[in-house]
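Engineer: Below are the structure tokens for one structure; questions will follow.
Derivation of every value follows stated rules applied to the coordinates shown; laboratory data play no part. All values derive from a computational prediction rather than experimental measurement. Every residue, glycine as well, gets a Cβ built from its backbone with ideal geometry; the counts of neighbours run over all protein chains shown.
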């Protein structure tokens, strides 16, 4: 584990892949979706969830949601929403890490090979930076998934 207060110790990493405990399960975070597709050997037509650190940030990035669901999204915990075929989640990352907190959003995916369970050796090999607290990394259930439009909300997962 690397302990640091700034990211200047990682000059060769333009867009790192971070392995960390997210609000739901162990996940890879990155702003480069191509790296995540390569790691997961995933079909490029299947997009990743975009995780924002706050609802305000989500809106300032030019995103819009139906007014009837703004309150629901703002107050949601461990829930992913799909609006106009874009998946997103508002998640306050509780880890006090300058590496994670420096950015307002990340692409997120579970830290495993496609259709397999969490394997720490595989994940440590693929990640550029590992952020771990005293509780370690452990697999938990995934987020709830809702597709919403102006009128209704449909539960998918």
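Engineer: In which sequence would 125, 32 go, from the one with the fewest C-beta neighbours within 10 Å to the one with the most?
Structural biologist: Taking fewest neighbouring Cβ atoms as first place, the list is 125, 32.
Engineer: May I ask you to compute the full-extension gain from residue 44 to residue 63, defined as 0.36 nm times their residue separation minus their alpha-carbon distance, rounded to one decimal in nm?
Structural biologist: Gain on extension, residue 44 to residue 63, equals 4.6 nm.
Engineer: Right, here's the next one. May I ask what percent, to the nearest 5, of DSSP beta bridges between residues of the chain are antiparallel?
Structural biologist: Approximately 65 percent, going by the DSSP bridge assignments.
Engineer: Just check the chain against the gyration tensor rule for me: Cα atoms, a ≥ b ≥ c as the square roots of the eigenvalues, rounded for a/c under 1.5, and otherwise prolate or oblate depending on whether a/b exceeds b/c.
Structural biologist: Prolate.
Engineer: Right, here's the next one. Going by C-beta contacts inside 10 Å, put 19, 137 in order with the fewest on the left.
Structural biologist: Starting with the residue having the fewest Cβ neighbours, the order is 137, 19.
Engineer: Assuming R0 = 22 Å, can you tell me the calculated FRET efficiency for the pair residue 135 and residue 86, based on Cβ-Cβ distance, to the nearest 0.05?
Structural biologist: E between residue 135 and residue 86, to the nearest 0.05, is 0.10.
Engineer: Give me 80, 68 ranked fewest to most by other Cβ atoms within 10 Å of their Cβ, as a rough exposure proxy.
Structural biologist: Ranking 80, 68 by Cβ neighbours within 10 Å, fewest first, gives 68, 80.
Engineer: Extension gain residue 149-residue 125, at 0.36 nm per residue separation less the Cα-Cα distance, in nm?
Structural biologist: So the chain would gain 4.7 nm between residue 149 and residue 125.
Engineer: Within the range 116-157, find all residues whose amide N lies under 17 Å from a label point positioned 7 Å from the Cα of residue 75 along Cα-to-beta-carbon.
Structural biologist: The answer is 153.
Engineer: Still on this model: Using just the helices of the chain, give the 222 nm mean residue ellipticity in deg cm²/dmol: DSSP H runs with n ≥ 4 each add -39,500 (n - 2.57), and the total is spread over all residues, rounded to 500.
Structural biologist: After summing the helix terms and dividing by the residues of the chain, the value is -4500 deg cm²/dmol.
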